[in-house]
Every structure is written in C-alpha cells, then in structure tokens.
Amino acid sequence: MRRKNTMLSTLTPALPCTSRPTTSRPVSSHIDYETLSDVDLLALTRADDECAYGELWSRHVRVGLAVARRVTHHFDASDLVSEAFARILRAIRNGSGPREEFRGYLTTTIRAIAASWAKGIRTTVDLDSVPEQAMDDERLNAVEDLDSRHRVAVAFRALPERWKAALWYSTVEGRSNTEIGKILDLKPTAVAMLTLRARAGLRKEWDALSSEATPV
C-alpha cells in the first residue's frame, strides 16, 4: 500500500488519476504504475494517461526539490518544481518533451526556469512602499507607527524573491496578472496563485513578528 506523501499532495498539480488514451489501443485500468520504467510511464503519458504522469511526479519530485534548492536560494523550491512538471507535461502533450531520460530533463528544466525567473525580477525593490500596499486585511493595514512599518518591512524581506516580485508588480505597480505573467514567464492563473501565496506568507511573517513584539 502506497504511503500518503503530504508534501506530494501539497505540490502536485490537479491530476485526476484516470486513464484516457488518445489512441485506439485500450489502456488497462489495472496497471501497476510503480513497476513500470520511466520510459513506459512517458509513453503512457503521451497516450494521455494522467496516472502515469502522477507516478513520474511521485518518483522524481524529491530529487526536483533538491535540485531547485541547490540551484538557487532566491526562489521557492516548490514553485520551481511545480512549474517544471507543468511545463514538461505541456511539452509531452504537444508532441515534444522527454522520451527516455525524465530525471535529466526535469533537472535541466528546473535550471532553465530558475534562470528565466531571475531575469524577470528586479534587483532593487523599494521596501518602504511595498509592504503597506501589499496588505489586504484590517490587521495588516494598521501600520500607522514607525515600529509597525519596520516590522512589515522585515516581514517583506523574509519572503522568497518570487513572492516579493509578485507583490511588487501587483500592489505597487498595479500590473495585471497577464502583464506579470509575461515578466515572470507564468500563466495568469499561476500568477494569481503566486500572489495569494505571497500575501499569505507576508501575513504569516507579520503575525510572527507582531507576536514577538507583544509584551507578555
């Protein structure tokens, strides 16, 4: 029995485990995917078998995360890996992508995405203007004194570069998800999710700092 992987369930894209072959040859609904080679899984993925790609994900996601963390400390590893798997799946469905060596292809894709993202992110960010505008609830809007402003700035600095960029472009420059997507090489829907995660991360950092500053 396969153990539930909480990290996998958090990172993996929505891939309903259903075999829907595009060819006329039927695909068994009782395939033991864990026993198949990567080559076989890739072939099944090309036949639109989403369970096969799900197995590739569970088989290689930990290596992908390790590569992402080794390649750069500026971006969230889960963001890099999720984007890499999504791009590879799109490539396979478009008739390209890996056919034999999946892990090497994944590693190369992660490195390419990290390099692409790095080019789209500004090296200088006005920390005095971003945090206030990035807040979206009453707790975080209460930045009326210098101490509060300082904590918000510290919270903002603690975020991954990817999240800071999303907040900067969306809240300070007022760019749309489509515009941000072109800068960060993401789809608009992915930008929306990234911004939500960034806001949640900022709130978490703010709450932690506020708790530390509250007298007992």
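The values are calculated or read from the model by the stated rules, or taken from the named source; none is laboratory data. The structure presented is a predicted model; accordingly, all values stated were derived computationally and were not measured. Neighbour counts run over all protein chains shown; Cβ positions are idealised from the backbone, glycine included.
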Exercise. Go through region 38-64 and count every residue that is hydrophobic (A, V, I, L, M, F, W, C) and crowded, with 17+ Cβ neighbours inside 10 Å.
Key: 8
Quiz item: So Asp126 clears everything in (1) in a helix (DSSP H, G or I); (2) at pLDDT below 55 except one condition, right? Which one?
Solution: (1)
Quiz prompt | Single match in Thr109, Thr45 (criterion: modelled with pLDDT of 90 or more, assigned to a helix (DSSP H, G or I), closer than 30 Å to Trp168 by Cα and under 24 Å from the mean Cα position of the chain (by Cα)) | solution = Thr109
Quiz item: Of (1) among the polar types (S, T, N, Q); (2) modelled with pLDDT under 85; (3) in a helix (DSSP H, G or I), Ser28 satisfies all except one. Which?
Solution: (3)
Quiz item: Quick check: anything in region 83-98 in a helix (DSSP H, G or I), modelled with pLDDT under 90 and outside the structural domain of Ala192 (by the TED database)?
Solution: yes
